[in-house]
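Some notes on the structure that comes next.
The values are calculated or read from the model by the stated rules, or taken from the named source; none is laboratory data. In this text the structure is predicted, and so the values were computed from the model without any measurement. No Cβ is skipped: glycine too gets one built from the backbone with ideal geometry, and neighbour counts run over all protein chains shown.
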Amino acid sequence: MLIEYFFKAGYYNNLYDMLDDLDKKTLLSEIAPKPNFYEGLILYDVLKSTNKAMNDEIAKYSLSSAEYREYIELWVHEIKTPIAGAKLICENTGNNAMLDSLQKIDRFVEQALFYSRSSAVEKDFIIKQAELKELINRALRKNAKSFIDNKISIETGNLDFTVPTDVKWTDFILEQILYNAVKYEGKRIKIYAGQNENSISLFISDDGIGIPKQDINRVFDKGFTGENGRKHAKSTGIGLYLCKKLCLKLGLNISASSEQGKGTSVEIIFPKSSMYS
């Protein structure tokens, strides 16, 4: 009985050690050795059965999630056509109030598209060298009407760098940051870059209302709107969350610093890479 006890105890202790060493505990059934005693075989079969059932459930929900994401992407592409048509009509008739509303709708629709794609961004990006100045100019052109309507001055300098990134996703990130600068009452936006030993840092600063000290560390959290989001503008708490998520996927780093009443500065760090030189 003692021999049998130590033999079985050795097997179960080994199983516990394997479980502790695993980052993903659900993989235990894949690597657990098959025992040669009856009670162990029962446990082994139970682990295998539950693992198979779990994988079947995951596959079902993954398929459902993929189908829903495809539907959202299709819906976004379809809805953009009538929005573009309505914007053109407003431009021709001079209906600026309606045009502003349509531009907000278009921005939220695009945000929904990027949100639906953000969980699988690695399937939809191409990293290549891009001119930082051209990235900034494209984002400025897209937001030009907002800058003019709100009488915002733009200062740019030292942007003659090339950075490895995906242009489409970076465009969205830059547009979101510029949109926030306008939304939170900035009247002057400064955009410049600097070179470090292993990276290029892009800075986008505004002189808006700033972010309260207690909120600054949470601005990239999903759904967080903070004091400014409640007092000064309707906010979803999704924009900066998406920026952070996309930056992580692209291998970039993003951070924010602010002083309440004096403005906010956002830094995006593009790491240098010889792969794209």
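Tabulated values for the structure
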read-out: Subset of the stretch 51-103 [of a type in the set (D, E, K, R), exposed (fewer than 11 other Cβ atoms within 10 Å of the Cβ) and closer than 22 Å to Lys142 by Cβ]; value: Glu78
read-out: Criterion: under 24 Å from the mean Cα position of the chain (by Cα) and either under 30 Å from Leu113 (Cβ atoms) or modelled with pLDDT of 80 or more (or both) - qualifying residue of Ser64, Ser49, Ser29; value: Ser64
read-out: Residue satisfying all of: in the stretch 135-174; of a type in the set (Val, Ile, Thr) and not in a helix (DSSP H, G or I); surrounded by the most Cβ atoms within 10 Å (Cβ to Cβ) among these; value: Thr165
read-out: Total residues in the stretch 175-196, condition outside any strand (DSSP E or B), in contact with a Ser or Thr (Cβ under 9 Å, 6 or more places away or on another chain) and touching a residue at least 60 places away in the same chain (Cβ under 8 Å); value: 5
read-out: Close pairs from the stretch 53-65: first under 14 Å from Glu30 (Cβ atoms), partner in a helix (DSSP H, G or I) and of a type in the set (Val, Ile, Thr), Cβ under 8 Å, at least 6 apart; value: Met54/Thr26
read-out: Check on Ile83, closer than 21 Å to Glu175 by Cβ, at pLDDT 85 or above and either in contact with a Pro (Cβ under 9 Å, 6 or more places away or on another chain) or among the β-branched types (Val, Ile, Thr) (or both); value: yes
read-out: Neighbours by Cβ (under 6 Å, 6+ apart or cross-chain): first from the stretch 89-109, free of Cβ contacts under 8 Å to residues at least 12 places away in the same chain and outside the structural domain of Asn180 (by TED's automatic domain parsing); second basic (Lys, Arg) and surrounded by 15 or more Cβ atoms within 10 Å (Cβ to Cβ); value: none
read-out: Contacts under 6 angstrom Cβ, first residue in the stretch 197-218 being free of Cβ contacts under 8 Å to residues at least 40 places away in the same chain, partner part of a loop (DSSP other than H, G, I, E, B) and small (Gly, Ala, Ser), 6 or more apart; value: none
read-out: Residue match in the stretch 91-111 (condition: under 30 Å from Lys245 (Cα atoms), among the basic types (Lys, Arg) and modelled with pLDDT of 80 or more); value: yes
read-out: The stretch 113-154 - residue that is at pLDDT 80 or above and among the polar types (S, T, N, Q) and, of those, nearest to Ala66 (Cα to Cα); value: Gln129
read-out: Single match in Gly186, Gly194 (criterion: modelled with pLDDT of 90 or more and either surrounded by 20 or more Cβ atoms within 10 Å (Cβ to Cβ) or of a type outside the set (A, V, I, L, M, F, W, C) (or both)); value: Gly194
read-out: Residues (more than 14 Å from Leu159 (Cα to Cα), of a type in the set (D, E, K, R) and in contact with a strand residue (DSSP E or B) (Cβ under 8 Å, 6 or more places away or on another chain)) located in the stretch 190-207; value: Asp206, Asp207
read-out: Qualifying residues in the stretch 154-189 (those that are out of contact with any strand residue (DSSP E or B) (no Cβ under 6 Å at 6 or more places or on another chain) and of a type in the set (D, E, K, R)) - the one nearest to Ala144 (Cα to Cα); value: Glu175
read-out: Selection within the stretch 134-166 - closer than 16 Å to Lys183 by Cβ and charged (D, E, K, R); value: Lys142, Lys145, Asp149, Lys151
read-out: Selected residue (only one of Tyr115, Tyr44 is among the aromatic types (Phe, Trp, Tyr) and over 30 Å from Asn143 (Cβ atoms)); value: Tyr44
